[in-house]
Amino acid sequence: MSQLSKLATPFPDKFIEEKPGKFAAAFVPHGIVTQFLLGILGPYDFSIDTIIRDADGIATGILCTLTVDIDGRSTSIQEVGECENPNNWKTDGARIKACASDGIKRCSMRLGLVLHLWHKKDGNYVLAEILKNREEENE
């Protein structure tokens with residue numbers, strides 16, 4: 001199984017949590033995503049390229065880049081990470097940490113990791129099956 005196929009494999013239910021509240025959504029915690037990234041791909045590079053601030057100068061987001069080697073090809077993904085409610089944290093450092101956690105998860109999703117959660121309710125997740133079929137054809 002290719003690394004890309006491993007990234008696209010849906011997560012076991014035991015790792016999926018439900019965000020409470022008005023905008024409930026399924027998610028996998030940052031630490032679990034990071035373990036899977038390291039376990040499937042090995043070391044990677046992650047950088048915060050830009051800190052995004054609101055009109056009051058409070059950090060509310062970041063532009064970040066994740067660079068990995070997948071199946072022998074170096075790939076860089078740039079994404080935005082945000083802290084949903086900046087008032088939940090007392091310092092910009094804490095807000096930036098939350099933004100980085102969100103950013104690495106969003107970058108990982110662009111590689112297929114945890115992508116199935118975006119389609120959990122509609123049942124339209126097909127990437128894992130497409131990759132499996134492609135690998136079977138190439139055998």
Relative to the compact globular guide of 2.2 N^0.38 Å, what is the alpha carbon radius of gyration of region 48-100, as a ratio?
1.35
With the radius of gyration and the Kirkwood radius both derived from the Cα set of region 72-139, what is their ratio Rg to Rh?
1.15
HIS119-ASN85 pseudo-label distance in nm [points 7 Å out on the Cα-to-Cβ vector]
3.2 nm
Calculate the spin-label point distance for MET1 paired with LYS97, positioning each point 7 Å from the Cα along the beta-carbon direction, and give it in nanometres.
3.3 nm
Can you work out the Karplus-derived ³J(HN,Hα) for every residue in region 101-117? Use 6.51 cos²θ - 1.76 cosθ + 1.60 with θ = phi - 60°, whole Hz, and x for glycine or proline.
4, 5, x, 5, 5, 5, 4, 4, 4, 5, 8, x, 6, 6, 4, 4, 5
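Relative contact order for the chain using alpha-carbon pairs under 8 Å, separation at least 6, rounded to a whole percent?
Numbers: 204 pairs, mean separation 36.5, N = 139.
In percent, rounded to a whole number, it is 26.
Going from the alpha-carbon gyration tensor of the chain, what semi-axes, largest first and in whole Å, does one get by taking the root of 5 times each eigenvalue? Intermediate results must be reported in sequence, preceding the final value.
Numbers: eigenvalues 172, 68, 27 Å².
After diagonalising the Cα gyration tensor, the semi-axes are 29, 18, 12 Å.
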Using the Kirkwood formula on alpha carbons, the hydrodynamic radius of region 1-48 in angstrom works out to 12.4 Å
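Indicate the gyration tensor shape class of region 13-77 (rounded, prolate or oblate), computed on the Cα atoms with a ≥ b ≥ c the square roots of the eigenvalues: a/c under 1.5 is rounded; otherwise a/b larger than b/c is prolate and the rest oblate. Write out the running numbers ahead of the final one.
On the way: a/c = 3.13, a/b = 1.14, b/c = 2.74.
The shape class here is oblate.
Based solely on its DSSP helices, what 222 nm [θ] is calculated for the chain when runs of n ≥ 4 H residues each add -39,500 (n - 2.57) and the sum is averaged over all residues, nearest 500 deg cm²/dmol? Kindly include the intermediate steps, with their values, before the conclusion.
Values: 4 runs with 48 residues, N = 139.
After summing the helix terms and dividing by residue count, I get -10500 deg cm²/dmol.
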Give me the one-decimal nm value for the distance between modelled label points at ASN133 and GLU18, 7 Å along each residue's Cα-to-Cβ direction.
3.2 nm
Share of the chain's accessible area from carbon and sulfur, percent, 1.4 Å?
52 percent
Between ALA26 and residues 5 or more places away or on another chain, the pairs with built amide H atoms under 5 Å apart involve LYS19
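The values are calculated or read from the model by the stated rules, or taken from the named source; none is laboratory data. Since we're looking at a predicted model, the values are computed, not measured. When we count neighbours, we look across all protein chains shown, and the Cβ atoms used for this are built from the backbone with ideal geometry, even at glycine. Each accessible area value is taken on the protein alone, full model and side chains, heavy atoms only, with ligands, DNA and RNA left out. Shrake-Rupley method; radii C 1.70, N 1.55, O 1.52, S 1.80 Å.
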